[in-house]
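Encoded as structure tokens, the structure appears first; notes follow it.
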Amino acid sequence: MPGDWAIIAEGLVKRYLTYARRGFIRRERRIIEALRGVSFKVNWGEVFGLLGPNGAGKTTTVKILTTLLLPDDGNAWVAGYNVVDEPVRVREQIGVVLNVEKGFFWKLTGRENLRYFGMLRGLRGRDLEDRVDEVGGMLGLDKLGAMDKLYEEFSLGMKARLAIARAMLTDPPVLILDEPTLGLDPHSARGIRSLLVRLARRGKAVLITTHNMFEAELICDRVAIINRGRIAAIGTVAELKRLVTDTVPINIVFTGLAEDGLESLEKLVAERLGTPARISGEDRGYRIRMLAKPGEEDRIIAESISMLSSMGLKVHRVYVEEPSLEDVFIKVTGGET
Amino acid sequence: MAGAIDVMRAQLHATIYWYKNNRWLFFTMFLWPYLMVGMLLVVGVMFGSMKEYASRMGVSSPGFFLLSASTVAMSSLGIVDAVAGFALYNRWLGTLNYIVLSPMRTTLIFLAAGIPDSLITMLITVTSVSPAVLYIGGLGGGLRLLLILLVMLVGMLPLLGLSVLAASLLLLVKEESNIINSIVPFMLLVSGVFYPVEILPGLLQAVSRAVPVTYVVRAARIASVFGGLRGAPLIAVFYSLLLLALAYNGAASLAIRGAEERVRMRGVD
């Protein structure tokens, strides 16, 4: 059922017709396929990240989901409403950020701008004032003095906060944000990320597009990587990481082993834990590096610690070498950025 | 669900605060009608004296006619700019997408958004010329100006439709500013603001009948013949404007719906 999911995209296809100039009058007609069957679902209460290189189709997908663009084929539902047939209903359910750098009246203050967009969404009187104050406070705009400052005097961080405040004016159940932290200083970006996670934990669905792998890894419950108009990979960050490696390197740093025991320990680990192991010197002790199959990391770590301890060796540190989401992204998109 | 009243309230709010934050611009707006008077005067007396101009226009008080014609011209400009320029201005600011995302039909937004600004421009213009009108025509002149304001309010209806038609076109084409830049001078050219419609070539005379401003200027001319106001021509002006209002707003409603669909296929910006 569409209403069970916050967002459903089903086989979205979008083609753009463009004209390339060939001389003064002649133009060459070109069809660009921005989306070639994009499908994904977003749960209530999750932060879902849409990652992709430039021109991959992220913004086109966002525009279709926000009813600004009609798909040529396929369908989508937001909060149970169809984006093609019920655009007004969809608009009631969403808060949108499309470009944090602009989208407000330069000669109005933050508060005046928020009032304007609140009125357009049907807020009135005391409700409007309370809501404007509330979102201003939630995004820290009041503390920054941005509520009563002209938008033309805003820093990029203030602009981004105001854009998100506008998206939250009617407290919509679904937030769709196109690169909400683009160009922000680390402090502002961190504040916004933490807010998005808090909102998701309160049951809202948050869809963000981003180039920032660190951000996606940090806040997204699930991620879809879109490339050349197709979903190239989808899943939790951990699931996606398994796509780029069939083994997970585990390292244990320990002391107490005599130098002549290295080879026999390597063999013992391989025999008992069923994983290849190599021991090398590290600081004043040794590091044993084992390769676990995905999903077996916890067992290998527990058993190896127990084995080393039973041999009278002292374990100092355990760490797992994980591929980054960036590694996944580069592998899935074929190195495009 | 939000509606047309919410759009008008929002637009009124934005305009009032925009003027509040741009006080100098607000004050200069009271000078613009006089600049328009100057332009009309220069064009009007280009081919003869003021007396010849008055006789050519068929008015007994050329001063009053210049002021009222300027009011009509400025208000028309304001209406076209408020409605047709709405898409252009908001696209430029990056606000258009967010306005379209309001939970209502885009058609409704475009039909309602220009009304507050149009009324404000009209009010500022009439307020601006009032002292001069009272000086030239006394209390009678003031009452005639009020009559013209009434005609302008009715004239606003077809002009709104015409402007929404232009706005539909603006949504579809990229080189949008040229459309607005051409519409207003053309309307003023054929409306009889500068010289009587009767001296225009036949084709332009026919076109002028389809331009709402023509009828408002005609009302201004009627009001500028001091010493007895003719009722029948004024009623004809009202009827013509109402007829044009029906035609243009009907066409505009269809055009903006079509444009909305086309724009959703292509993207708002």
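The values are calculated or read from the model by the stated rules, or taken from the named source; none is laboratory data. The shown structure was predicted, so the numbers you read here are calculated from the model rather than taken from an experiment. For neighbour counting, all protein chains shown are included, and Cβ atoms are generated from backbone atoms with ideal geometry for every residue, glycine included.
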Exercise for the section: Tell me, please, whether a residue that is surrounded by 16 or more Cβ atoms within 10 Å (Cβ to Cβ) and touching a His at 6+ places or on another chain (Cβ under 7 Å) can be found in the stretch A:155-176. Expected result: no
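Working carefully through the options A:SER264, A:SER280, find the one that is in a strand (DSSP E or B), surrounded by fewer than 19 Cβ atoms within 10 Å (Cβ to Cβ) and small (Gly, Ala, Ser).
A:SER280
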Problem - Odd one out for A:TYR116 among (1) part of a helix (DSSP H, G or I); (2) away from chain B (no Cβ under 12 Å); (3) in contact with a helix residue (DSSP H, G or I) (Cβ under 8 Å, 6 or more places away or on another chain); (4) not β-branched (Val, Ile, Thr) - result: (2)
Practice task
Return the pairs, sorted by first residue and then second, in which the second residue is of a type in the set (A, V, I, L, M, F, W, C) and at pLDDT below 80, the first residue lies in the stretch B:74-93 and is surrounded by fewer than 20 Cβ atoms within 10 Å (Cβ to Cβ), the beta carbons are less than 7 Å apart, and the residues are 6+ apart or on different chains.
Solution key: B:LEU88/B:LEU170; B:LEU88/B:ILE180
Problem - Subset tally (residues that are within 14 Å of another protein chain (Cβ to nearest Cβ) and either of a type in the set (Val, Ile, Thr) or surrounded by fewer than 18 Cβ atoms within 10 Å (Cβ to Cβ) (or both)) for the stretch A:129-149 - result: 4
Fill in the blank from the handout: Going through the stretch A:65-86 in order, the residues found to be more than 11 Å from every other protein chain (Cβ to nearest Cβ), in a loop (DSSP other than H, G, I, E, B) and either touching an Asp or Glu at 6+ places or on another chain (Cβ under 9 Å) or over 24 Å from B:ALA259 (Cβ atoms) (or both) are A:ALA79, A:GLY80
Practice task
Using the structure shown, decide if A:ARG89 is assigned to a strand (DSSP E or B) and charged (D, E, K, R).
Solution key: no
Fill in the blank from the handout: Within the stretch A:178-196, of all residues that are of a type in the set (Ser, Thr, Tyr) and surrounded by fewer than 22 Cβ atoms within 10 Å (Cβ to Cβ), the one nearest to the other protein chains (Cβ to nearest Cβ) is A:SER188
Practice task
Scan the helices (runs of 4 or more DSSP H) fully inside the stretch B:89-206 and keep the ones with 3 or more residues being among the small types (Gly, Ala, Ser) and closer than 30 Å to B:MET265 by Cβ.
Solution key: B:106-172
Exercise for the section: Select, from B:GLY94, B:GLY3, B:GLY114, B:GLY78, the only residue that is closer than 24 Å to A:LYS107 by Cα and within 14 Å of chain A (Cβ to nearest Cβ). Expected result: B:GLY94
Exercise for the section: Go through the residues of the stretch A:36-55 one by one and say whether even a single one is modelled with pLDDT under 95, part of a loop (DSSP other than H, G, I, E, B), away from chain B (no Cβ under 14 Å) and crowded, with 17+ Cβ neighbours inside 10 Å. Expected result: yes
Exercise for the section: Within the stretch A:151-177, count every residue that is over 24 Å from A:GLY122 (Cα atoms) and either away from chain B (no Cβ under 14 Å) or touching a residue at least 24 places away in the same chain (Cβ under 8 Å) (or both). Expected result: 6
Exercise for the section: Kindly indicate the residue of the stretch A:87-96 that is surrounded by fewer than 24 Cβ atoms within 10 Å (Cβ to Cβ) and in contact (Cβ under 8 Å) with a residue 24 or more places away in the chain and also nearest to the other protein chains (Cβ to nearest Cβ) among those meeting that condition. Expected result: A:GLU92
Exercise for the section: Would you point out which residue out of B:SER60, B:SER55 is surrounded by fewer than 24 Cβ atoms within 10 Å (Cβ to Cβ), at pLDDT below 90 and not in a helix (DSSP H, G or I)? Expected result: B:SER60
Fill in the blank from the handout: For A:THR181, the lone unmet condition from (1) modelled with pLDDT of 95 or more; (2) assigned to a loop (DSSP other than H, G, I, E, B); (3) under 16 Å from A:LEU195 (Cα atoms) is (1)
Practice task
Name the residue, out of B:THR71, B:THR15, that is within 20 Å of B:LEU149 (Cβ to Cβ) and within 14 Å of chain A (Cβ to nearest Cβ).
Solution key: B:THR15
